[in-house]
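Read the structure below first, then the notes.
The values are calculated or read from the model by the stated rules, or taken from the named source; none is laboratory data. Keep in mind that this is a model prediction, so the values were computed, not measured. FYI the Cβ positions are ideal-geometry reconstructions off the backbone, even for glycines, and counts take in every protein chain you see. For accessibility, only protein heavy atoms count, side chains too; no ligands or nucleic acids. Shrake-Rupley method; radii C 1.70, N 1.55, O 1.52, S 1.80 Å.
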Amino acid sequence: MDGKPKDKGIGMLYLKKLEDGKHQVVVRADNNLGTVILNILLQKSLPLQKNGKNAISTVDLQANNQKGMPIIIRVKTEDDADTLLAKMKEVQATS
């Protein structure tokens, strides 16, 4: 890895409640197969913060041999970013 962010694609983000009460963030690519681009648990320890005007940043704690991997979720507008961050924090608090 060269340490630079890599664009994984455009897709639909889902906040999914699991049977054990935990929540999962899944992003499926906007293609015929709906390839999974992102699949992480929304744990209470997961850092969430706004990154610029229209992005949310976090870390996949399980990736890269448990060293973590930064993740940036970009959305269309600043309002979308604010709404997504608020919803993710709300869901995170109940996980």
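Laid out as a table, the results:
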quantity: Built amide H within the under 5 Å cut-off of Ile37, gap 5+; calculated: Val27, Arg28, Ala29
quantity: Among 35-42, 66-73, the order from most to least packed when residues are scored by Cβ within 10 Å on average; calculated: 35-42, 66-73
quantity: Residue-normalised accessible area of segment 28-81, expressed per residue, 1.4 Å probe, Å²; calculated: 69
quantity: Chain lengthening between Ser95 and Leu13 when straightened (0.36 nm per residue, less Cα-Cα); calculated: 27.7 nm
quantity: Euclidean distance of C-alpha centroids, segment 62-95 and segment 7-40, integer Å; calculated: 12
quantity: Where the Cα pairs of the chain fall when distances are cut into 10 Å bins, in %; calculated: 15, 48, 33, 3
quantity: Under-20-angstrom lysine pairs by C-alpha in segment 44-95, whenever the two are 8 or more apart or on separate chains; calculated: 11
quantity: For segment 34-48, Karplus couplings with θ = phi - 60° (6.51, -1.76, 1.60), whole Hz, Gly/Pro x; calculated: x, 3, 6, 8, 9, 8, 9, 7, 8, 7, 4, 7, 6, x, 10
